[in-house]
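Taking it in order: structure first as structure tokens, then the write-up.
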Amino acid sequence: MNTAIQWISATTNHVRGWSWLKRLLSIIAALAFLASTFLFFTAPGTQIREFLAETVITTQHRDWAWIFVGAEKRDEMIRQMWSISDENATEKQDMSAIKFNKNRKIDELVSVKDISGEFWKGKLMYVYDPRSIRVVVPDKAGEGERITSMVERTGAVAGVNGGGFVDPDGLGNGFAPIGPIISGGKLLYIDQDGNVPQHIVGFTKEGTLVIGKYTYPELQKLGVSEAVMFYPRVIANGKPLITSGDGGWGRGPRTAVGQRADGTVIFAVVDGRQAHSVGATLREIQDLLLAEGCVNAGFLDGGASSELVYNKELITKPSSRYGERRLPSSFLVFDHPETLVNKPIWDVWTTSIRAALTTTRTIRRI
């Protein structure tokens, strides 16, 4: 016992003789050792590493997720993510479930409210007439357009970001959409054979929200007039599809859309990757929309693209280091949606877009 006390005393005196820099480096080394031991040799630590990997996988830097779980585990997680999203997209939607409320006041179109969770803040936008929602695309070939610009240019009341796009350099150019873009019943863009099913978020001409995996002919048969490509679907025919865990995508900025049985459309936009709002999980947004009475719901593009514009003002805080991002598509709300005309901007750019897509066929984020 005396020997142990003597050793501790001698070690303490020895450490006191170290410089402040040597003490600091020793403390950092000790903390790093303890943290590594916790993260790699305990069950809670493994859960934390997997959660961090999920969060990174849904960014444009998904390759770096190997740092937390290794390359083999990262690839397995990505495959599982795709598999679950595809499985959740298969259930056929009951198109008769929506009974539109025909007794709206003529001036009742949109309302917005604040929402928050333990780790996030955001906005909910209610659109009471879904026929007022249109897909809008940029008016200039070769680059995307900011939503504030789209709203100002078209005279829209409000809008959120739309579908996914390829962004190899992370510069937010928004020139290369993924999947089909439909507006006013016209196919404005498609990146592969229309007979290949793709994840779709769209609306029929009557205003029914359609979410799932469809071919272009199937969308035509359903009467879908507005659509972009994104996923996952999280509420189908009144049932939540995430019933255990948090959805497997970590925390991040989110944009989602759902529809109540009376036809009301609800857009949810959550800030993320910032001090005031870390971000939400898929499960949190699913449960929020379920509590709001949505019978069908799914996600739009997220990450640095997530934003909501209302009355010509950007009222959320995008996480992009470049500020508000340029995008290939958006869902905007109009007093007179029939007046919108989108110019075909991808005719000249199809070749370069397809070339980009051959090297990047997966969605970068959500």
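Here are a few things to note about the model shown:
- Modelled this way, with points 7 Å down the Cα-to-C-beta line, the labels at E72 and R321 are 3.3 nm from one another.
- Cα-projected label distance for I5 with K239, points at 7 Å along beta-carbon direction, nm: 7.0
- Rg(Cα)/(2.2 N^0.38 Å) for segment 97-359, N = residue count: 0.92
- Nonlocal amide H pairs with F175, under 5 Å, H built at 1.01 Å: G144
- Residues whose placed amide H lies under 5 Å from that of I115, excluding near-sequence neighbours: G122, K123, L124
- One decimal place: the segment W20-F100 gains 21.7 nm when fully extended, by the rule 0.36 nm per residue minus the C-alpha distance.
- Where labels lie 7 Å past Cα in the beta-carbon direction, separation of K312 and A32 in nm: 5.4
- Set K113/K213; K213/K317; K123/K239; K99/K221; K99/K343 screened for pairs whose C-alpha atoms are more than 25 Å apart: K113/K213; K213/K317; K99/K343
- If the chain linking R153 and E87 were pulled fully straight, counting 0.36 nm for each residue of separation and taking away their Cα-Cα distance, it would gain 19.9 nm.
- Cα gyration tensor shape of segment 111-259, rounded if a/c is under 1.5, else prolate or oblate by comparing a/b with b/c: rounded
- Taking the average, over residues, of other Cβ atoms within 10 Å as the packing measure, peptides 111-118, 312-319, 203-210 rank 203-210, 312-319, 111-118 from highest down.
Here, each number is a calculation from the coordinates, and none is a lab measurement. Quick caveat, the model's predicted, so the values are computed rather than measured. Neighbour counts run over all protein chains shown; Cβ positions are idealised from the backbone, glycine included.
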